[in-house]
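Some notes on the structure that comes next.
The values are calculated or read from the model by the stated rules, or taken from the named source; none is laboratory data. Being a predicted model, the structure only gives us computed values, none of them experimental. Don't worry about glycine lacking a Cβ; one is built from the backbone with ideal geometry, like all the others, and counts go over all protein chains shown.
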Amino acid sequence: MMKKQTCFFLGIDVSKLWFDISLMPVVNYQKEPMITERFDNTMKGLALLKRWLKEQKVSFDNDTLLVIENTGIYHRLLWKFFSENNIPIHIGNAAHIKKSFGIARGKNDKIDSQRLCSYAYKNDDELKASSALNPAFLNLKDLITSRSRLKTQLGANKAYLKELKNINDKATQKMMENVYKMAINGLQKSITEIEKQITIVIKSDSSINANYTFLLSVPAIGPVTATYILCCTNNFANKISGKQLSCYAGVVPFADRSGKSLKGRNKVHKMANKELKSLLHLCALSSIKYYQEFRDYYERKVKEGKHPNSVLNAICNKILLRAVAVVNNQKSYVENYKKAA
């Protein structure tokens, strides 16, 4: 597919304090020299960026494409800025983009922005623009991340007290528990308050609330897992498939074979979202305890000789496939026997 007669490609390398932007105009199907500038990653810096883009006669429409790596929180101001100015922005996976460069020697912020700009030009036909920034979604993502961190701290404190119990006498142990009591109670109250705020944010946005309700209709998926799936998929803005989400969660086995010498067994890849996988594992354990369909499937596969963890992994995959199906179809989950009845 041929590039447009006149278009602009941008690549931005973001850091906490500033960002480097590279611009490559394409005029009459010919690439022009790349230009690179640096701006502060602040509202004032964005105002200067807008002025600079206008000086370079960059079009604020679909004739311009920006590629930026997902940096967690540091790219949010840019995401908001380009969304408000109608410039398509592709927020790419850092590992995927880095591997596309091939063998690359040396790096700095300026070179990285130039490589991102070239990546935008070469992959223009395949790149999909990320959805516009949704403030409610960002609030939800921050809340669920904060909840995970507080849960980790709470678990660490409880585990430490449990370890001390095996070596301390009763008086010392009671003293340590009193010392930690205020911290543990504070963490538990913070987690409860965050969960209340998560509910408020979900109900405040109709699209998030609708998808959240559909996810809860899937057997074994609870409020925390449903919220985390929404955060991982950007509220299913880009119509992700069940296979893509399962691969992202690390519950899809891949072949490990090459010629005659390498004949390994199928196994999941280590590159995955470990927290989502952990939540799904808990969902799978819950499913074989409370849902007959999954219990029968688990027992049948274990009798056939499958490893229990392998069967649980397959159940995680089934749960995710159903989760994506109900959201993409905008219909609540219906069990087969109920549908037949």
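Looking across region 34-69, the residues that are among the charged types (D, E, K, R) and at negative phi come down to Glu37, Arg38, Asp40, Lys44, Lys50, Arg51, Lys54, Glu55, Asp61, Asp63, Glu69. Residues that are of a type in the set (D, E, K, R) and crowded, with 16+ Cβ neighbours inside 10 Å were ranked within region 112-141; the one that is nearest to Lys196 (Cα to Cα) is Lys141. Of Lys54, Lys31, all but one fail to be loosely packed, with under 13 Cβ neighbours inside 10 Å and among the basic types (Lys, Arg); the exception is Lys54.
Applying the condition of being surrounded by 12 or more Cβ atoms within 10 Å (Cβ to Cβ) and among the aliphatic types (A, V, I, L, M) to region 150-174 and asking which residue is farthest from the chain's Cα centre (by Cα) yields Leu164. Of all the numbered requirements in (1) closer than 30 Å to Thr192 by Cα; (2) touching a residue at least 60 places away in the same chain (Cβ under 8 Å), Gln173 misses one, and that requirement is (2).
Give region 238-268 a look and list any residue that's in a loop (DSSP other than H, G, I, E, B) and surrounded by fewer than 15 Cβ atoms within 10 Å (Cβ to Cβ), or say none. First the steps, then the outcome.
Taking region 238-268 and keeping what is in a loop (DSSP other than H, G, I, E, B), we get 238-241, 250-252, 259-261.
If the condition is that a residue be in a loop (DSSP other than H, G, I, E, B) and surrounded by fewer than 15 Cβ atoms within 10 Å (Cβ to Cβ), then Asn238, Lys239, Ser241, Gly259, Lys260, Ser261 are the ones that fit.
For the condition under 22 Å from the mean Cα position of the chain (by Cα) and either modelled with pLDDT under 90 or hydroxyl-bearing (Ser, Thr, Tyr) (or both), Val324 does not qualify. All told, Ser148 falls short of being touching a Leu at 6+ places or on another chain (Cβ under 7 Å) and modelled with pLDDT of 90 or more.
Would it be correct to say that Tyr333 is modelled with pLDDT of 90 or more and closer than 15 Å to Val218 by Cα? Considered against the rule, which asks whether it is modelled with pLDDT of 90 or more and closer than 15 Å to Val218 by Cα, Tyr333 comes out as yes.
Looking at Leu161, Leu133, which is the one that is in a loop (DSSP other than H, G, I, E, B) and not β-branched (Val, Ile, Thr)?
Leu133
Taking the listed residues Leu282, Leu245, the one that is modelled with pLDDT of 90 or more, within 15 Å of the chain's Cα centre (by Cα) and within 30 Å of Asn134 (Cα to Cα) is Leu245, with no other qualifying.
Filtering region 59-104 to residues that are small (Gly, Ala, Ser) and farther than 18 Å from Asn139 by Cβ leaves Ser59, Gly92, Ala94, Ala95, Ser100, Gly102, Ala104.
Please give the helices (runs of 4 or more DSSP H) falling wholly within region 269-341 in which 1 or more residues are surrounded by 16 or more Cβ atoms within 10 Å (Cβ to Cβ).
274-290, 292-303, 308-329
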